[in-house]
Amino acid sequence: MNRGACVLLAVVLSVGYLAAQDDEGPLASLRFQVVRDSNGKPVKNAAVVLHPVNRKGKQQRGGMELKTDPEGRTGFDGIPYGPLRVQVLAQGFQTFGEDYDINKPDMEIRIKLKRPAEQYSIYQNHPEEKKDDQKPPEQKPPDRKPQ
């Protein structure tokens, strides 16, 4: 997709996001910084997806996607106050998702992405687990005194 089409898509999504909001009210300026959890270095080209959330906590239709720059930063002006669901996706990292309450005119949100955990496989040897052959000795129940 060429740069002009990306800009047009961002504008269309922005207009759709703002049109999906049913409340007229104060607007906020949001800034995001996406960094690696392990060392704090920025994550470039991460997708920051914003979803409006209704008062019952259910995700509404619409939303927008922002991309981070080489410093891991992105932002948007004109977000209505209220709940907002933020998801961050980047190749090689776990997907991040959290709901935020937008209640200030200027908000900075720092997001730390983690590497995926190693997957567990039943086909690999797991030395920390006890095998059936190595069961601990059975314990005898305590002797009871006659009553």
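Values quoted throughout were computed directly from the atomic coordinates according to the rules given, and no laboratory measurement underlies them. In this text the structure is predicted, and so the values were computed from the model without any measurement. Heads up, the Cβs are rebuilt from the backbone with ideal geometry, glycines too, and the neighbour counts pull from every protein chain shown.
So that you can scan it fast, the table gives a plain yes or no per residue for (1) over 11 Å from residue 111 (Cα atoms); (2) in a strand (DSSP E or B):
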| site | (1), (2) |
| --- | --- |
| 52 | yes, yes |
| 74 | yes, yes |
| 87 | no, yes |
| 93 | yes, no |
| 98 | no, yes |
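Please tell me if residue 71 is within 18 Å of the chain's Cα centre (by Cα) and either acidic (Asp, Glu) or surrounded by fewer than 15 Cβ atoms within 10 Å (Cβ to Cβ) (or both).
Details: within 18 Å of the chain's Cα centre (by Cα): no; either acidic (Asp, Glu) or surrounded by fewer than 15 Cβ atoms within 10 Å (Cβ to Cβ) (or both): yes.
In short, no.
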